[in-house]
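The values are calculated or read from the model by the stated rules, or taken from the named source; none is laboratory data. Quantities reported herein were computed from a predicted structural model and do not represent experimental measurements. Methodologically, a virtual Cβ is constructed for each residue, glycine included, from the backbone with ideal geometry; neighbour enumeration extends over all protein chains shown. Just so you know, the surface numbers come from the protein's heavy atoms only, side chains and all, with ligands and any DNA or RNA stripped out. Shrake-Rupley method; radii C 1.70, N 1.55, O 1.52, S 1.80 Å.
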Amino acid sequence: MNTPQEIERLILRAADGDRQAFMSLYDLTSAKLFGVCLRVLRDRAEAEDVLQDVFVKVWRNAGRYTANGFSPMTWLITIARNGAIDRLRARKAKAENLDAVAELPDHGPTPEAAAVAASDAAQVHRCLDELAADRAGAVKGAYLDGMTYQELADTYAVPLNTMRTWLRRSLQKLKDCLSQ
Amino acid sequence: MDDVEPERDDAVLAGEYVLHLLDPAERATFEARLDVDGALRAEVALWADALADLAADVRPVDPPARVRAALERMAAPATDTVAPTRRGRSIWARLGMLGAAAAIALAVFVGVNRDDIFGLSPAIYIAQMQSEDTAFQVLAGYHPDEAALVVNRSAGDIPPGRVLELWLIAPGADAPVSLGVLPDDPKVTVTIPEDLRDVLRGSTLALSDEPPGGSPTGAPTGSVLAAGALADV
């Protein structure tokens with residue numbers, strides 16, 4: 001059973017030092033989290049490294065997880081995404097070398113993906129659909145690809161300040177929509 | 001003038017934070033507020049939760065088996081240790097605050113607290129730690145439900161070849177007690193052992209620079225880089 005309840009139960013058992021539960025948690029969630037890291041980093045070796053760090057953190061900090069009504073996948077995805085974006089920014093700080101980045105195949109949703117992030121994925125998508133396509137694309141680019149304001153401005157060929165304004169207005173609209 | 005930026009309220013700022021769009025200075029300022037502002041943490045949690053649904057679009061990819069193998073080794077009992085810090089026994093014994101329990105680990109450090117915001121209760125005490133002689137700006141907040149002291153260094157560089165050690169000076173105590181050596185991360189969480197939780201209010205926190213591994217004597221040997229008292233929020 002790959003439900004939020006099952007994932008939460010495994011996190012809580014891992015917090016008690018249950019290694020089997022921890023490995024089961026890995027088996028259930030690692031493909032999703034690896035996908036999240038790969039999407040941001042677009043480099044298998046780096047994504048592998050980050051994924052390992054993510055689960056080391058999960059093992060050491062499972063006790064800090066508290067059931068609070070949020071999906072346990074939110075907790076795991078947040079840790080994975082933070083780790084991947086930190087790595088991405090560190091890499092970019094070192095050398096701007098985007099040409100060498102391998103392209104990944106397309107990221108269309110799959111049934112497995114839908115099963116893991118089972119909660120009400122509809123809401124954020126419904127709210128994004130209310131935005132113009134490029135505005136929604138910018139929010140997704142920041143979240144899924146870890147793009148900076150500058151990269152988003154370059155991608156959508158608008159001045160940096162325009163991108164900031166776009167995105168902040170988009171967030172305001174999203175917030176209004178999400179709280180309805 | 002069509003690029004005039006809209007006024008940013010906390011909801012928008014929290015969204016930018018979750019998207020990692022804040023620049024490093026804005027981010028540090030925001031994180032310092034997060035430590036003490038439960039409403040702001042709630043905004044961040046709401047964004048993180050809503051946006052995590054975007055990950056439904058991400059294709060799962062099986063990681064190579066070596067990652068699993070490495071994690072199995074990591075979680076094996078023999079390697080599952082965190083070095084305890086046991087300084088300050090004599091001081092606390094003298095104060096009558098610690099008895100046999102003095103041998104327990106004093107503090108365990110975790111450097112991933114950004115991921116903890118979903119769980120932390122609101123801070124009840126905060127300390128603004130600084131010094132006229134250094135650029136250090138450190139905000140510490142104590143979250144009682146988790147017994148977590150979140151230490152957030154927004155300015156100040158660790159002197160090369162030195163480490164930061166955190167000290168607690170209880171009201172009336174004549175010597176600092178080590179809360180341990182901090183990792184280099186700008187933000188760390190220190191779990192406060194049970195015996196010390198009741199004396200936090202009004203205590204002074206201080207950071208000193210020490211040789212790698214921490215003070216060899218059990219008392220600060222380097223300079224005090226920042227200090228401040230824990231007061232009610």
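When you look at A:ALA80, is it open to solvent by less than 60 Å² (accessible area, probe 1.4 Å) and modelled with pLDDT under 90, yes or no? No, not satisfied. Scanning region B:163-194 for residues that are polar (S, T, N, Q) and modelled with pLDDT of 85 or more gives a single hit, B:SER178. Scanning region A:25-43 for residues that are at the interface with chain B (Cβ under 9 Å from one of its Cβ atoms) and out of contact with any helix residue (DSSP H, G or I) (no Cβ under 7 Å at 6 or more places or on another chain) yields A:ASP27, A:ALA31, A:GLY35.
For region B:208-215, check the following and say yes or no: at least one residue is at pLDDT 85 or above and touching a Phe, Trp or Tyr at 6+ places or on another chain (Cβ under 8 Å). Yes, there is a match, as at least one residue in region B:208-215 is at pLDDT 85 or above and touching a Phe, Trp or Tyr at 6+ places or on another chain (Cβ under 8 Å). A search for C-beta distances below 7 Å between a residue of region B:189-202 that is under 22 Å from B:LEU34 (Cβ atoms) and any residue that is open to solvent by less than 10 Å² (accessible area, probe 1.4 Å) and acidic (Asp, Glu), counting only pairs 6+ apart in sequence or on different chains, returns B:THR189/B:ASP116. Taken as a whole, the structure leaves B:ILE158 outside the set of residues that are surrounded by fewer than 21 Cβ atoms within 10 Å (Cβ to Cβ), under 21 Å from B:ALA219 (Cα atoms), free of Cβ contacts under 8 Å to residues at least 40 places away in the same chain and not acidic (Asp, Glu). Scanning region A:120-144 for residues that are under 26 Å from A:ALA80 (Cα atoms) and open to solvent by less than 30 Å² (accessible area, probe 1.4 Å) gives A:ALA121, A:VAL124, A:CYS127, A:LEU128, A:ALA136, A:GLY137, A:ALA138, A:VAL139, A:GLY141, A:ALA142, A:TYR143, A:LEU144.
Pairs are defined by a Cβ separation below 8 Å, a sequence spacing of at least 6 or placement on different chains, a first member in region A:156-169 that is under 20 Å from B:ASP9 (Cα atoms), and a second member that is open to solvent by 20 Å² or more (accessible area, probe 1.4 Å) and among the basic types (Lys, Arg); the pairs so defined are A:TRP166/A:ARG135; A:LEU167/A:ARG135; A:ARG168/B:ARG8; A:ARG169/A:ARG135. So if I check each of B:ASP195, B:ASP232, B:ASP184, which one is of a type in the set (D, E, K, R), closer than 27 Å to B:GLU26 by Cα and over 17 Å from the mean Cα position of the chain (by Cα)? Going through B:ASP195, B:ASP232, B:ASP184 in turn, just one is of a type in the set (D, E, K, R), closer than 27 Å to B:GLU26 by Cα and over 17 Å from the mean Cα position of the chain (by Cα): B:ASP232.
This table checks each residue for (1) assigned to a loop (DSSP other than H, G, I, E, B); (2) of a type outside the set (D, E, K, R); (3) open to solvent by 60 Å² or more (accessible area, probe 1.4 Å).
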residue: B:GLU132; (1), (2), (3): yes, no, yes
residue: B:LEU139; (1), (2), (3): no, yes, no
residue: B:ASP145; (1), (2), (3): no, no, yes
residue: B:VAL150; (1), (2), (3): no, yes, no
residue: B:ARG153; (1), (2), (3): no, no, no
residue: B:ALA173; (1), (2), (3): yes, yes, no
residue: B:VAL190; (1), (2), (3): no, yes, no
residue: B:ALA206; (1), (2), (3): no, yes, no
residue: B:GLY222; (1), (2), (3): yes, yes, no
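When the residues of region A:156-180 are filtered to those that are of a type in the set (Val, Ile, Thr) and facing another protein chain (nearest Cβ under 8 Å), the one that is surrounded by the fewest Cβ atoms within 10 Å (Cβ to Cβ) is A:THR162.
Let's see how each residue does on (1) surrounded by 17 or more Cβ atoms within 10 Å (Cβ to Cβ); (2) within 21 Å of A:ALA62 (Cβ to Cβ):
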site	(1), (2)
A:GLY17	no, yes
A:THR29	yes, yes
A:LEU33	yes, yes
A:VAL36	yes, yes
A:VAL40	yes, no
A:ASP43	yes, no
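Of the helices (runs of 4 or more DSSP H) lying entirely inside region B:1-80, those containing at least 1 residues that are within 21 Å of B:ALA140 (Cβ to Cβ) and either at pLDDT below 90 or open to solvent by less than 40 Å² (accessible area, probe 1.4 Å) (or both) are B:10-18, B:24-36, B:38-52.
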